[in-house]
Amino acid sequence: MELPWTTQLMVLGSKLMGSPLVLLPLAAIVLALVAGAHLIKSDLTLRRKVEKGVLAVPILGDAIRAAIVCDFTRSLATCYATGIPILKGLELSASAADHQLFQDALLAARDRMRDGAALHEALQASDLFPGMTLHMVAVGEESGRLADMLERVAALAE
């Protein structure tokens, strides 16, 4: 009796995975991916382009943006609640972010705040932060409960 096609496919896959002719191209692909990741990490211009492209991917980009906003707002809320000045808190939050575009945006927001802008206005200039985040930060600034509102933003993003 002949084996079903699914079983034949599994047997063929098993044979191929044990073959050195398959392992060599697979190793080359892994090596190329590692080298590419190192190049992206070391070249800031290329890293920004790749990060911008990833943020443009429909579902993945939204998830990454939410995770970064969550980390940033929670970090800034902690800094602000412990008495660290907001400008220093933005700087610390930027250094904690592992996304070059967001680091740049947070440091630019710090500079705008230094020039007199409100936090939500400074963040809005980057076009990276969701509208709900900006609105909630504005409400927190107006009500004097910025740390609480930043924590709420983090919880919603989470």
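The values are calculated or read from the model by the stated rules, or taken from the named source; none is laboratory data. Please read all numbers here as calculations on a predicted model, not as lab measurements. Reconstructed Cβ throughout: ideal geometry from the backbone, glycine too, with neighbour counts over all protein chains shown. Calculation scope for accessible area: heavy atoms of the full protein, side chains included, ligands and nucleic acids excluded. Shrake-Rupley method; radii C 1.70, N 1.55, O 1.52, S 1.80 Å.
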With a 1.4 Å probe and every protein chain left in place, tell me how much accessible area Arg145 has, in Å² to the nearest 10. 140 Å²
Taking the simple approach of a point 7 Å from Cα along Cα-to-Cβ for both Leu21 and Trp5, what is their distance in nm? 2.4 nm
So what are the ³J(HN,Hα) numbers for the range 36-46, from phi and the Karplus equation (6.51, -1.76, 1.60; θ = phi - 60°), rounded to whole Hz, Gly and Pro as x? x, 5, 5, 5, 5, 5, 8, 9, 5, 5, 5
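Tell me, what % of the accessible area of the range 36-99 is carbon and sulfur with a 1.4 angstrom probe? Each step should come with its number before you reach the end.
On the way: 2470 of 3680 Å².
It is 67 percent, rounded to a whole number.
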Evaluate 2.2 N^0.38 Å with N set to the residue count of the chain, then give the Cα radius of gyration divided by it. 1.51
Can you grab the distance from the C-alpha centre of the range 70-96 to the C-alpha centre of the range 117-158, Å, no decimals? 12 Å
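For the chain, what does the accessible surface come to per residue with a 1.4 Å probe? Please give it in Å².
Working: 10000 Å² over 158 residues.
Accessible surface, normalised per residue, equals 63 Å².
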GNM on the chain, C-alpha springs below 10 Å: top fluctuator among Pro58, Pro85, Pro130? Pro58
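Given axes a ≥ b ≥ c from the Cα gyration tensor, I'd like to know whether the range 90-158 is rounded (a/c under 1.5), prolate (a/b larger than b/c) or oblate. Mind showing how you got there, number by number?
Values: a/c = 1.65, a/b = 1.19, b/c = 1.38.
Because a/c hits 1.5 or more and a/b fails to exceed b/c, the range 90-158 counts as oblate.
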Using a 1.4 Å probe and ignoring any ligands, DNA or RNA, find the accessible area of Val54 and quote it in Å² to the nearest 10. 50 Å²
Karplus (6.51, -1.76, 1.60) ³J(HN,Hα), θ = phi - 60°, over the range 82-92, in Hz, Gly and Pro reported as x: 8, x, 6, x, 4, 5, 5, x, 5, 5, 5
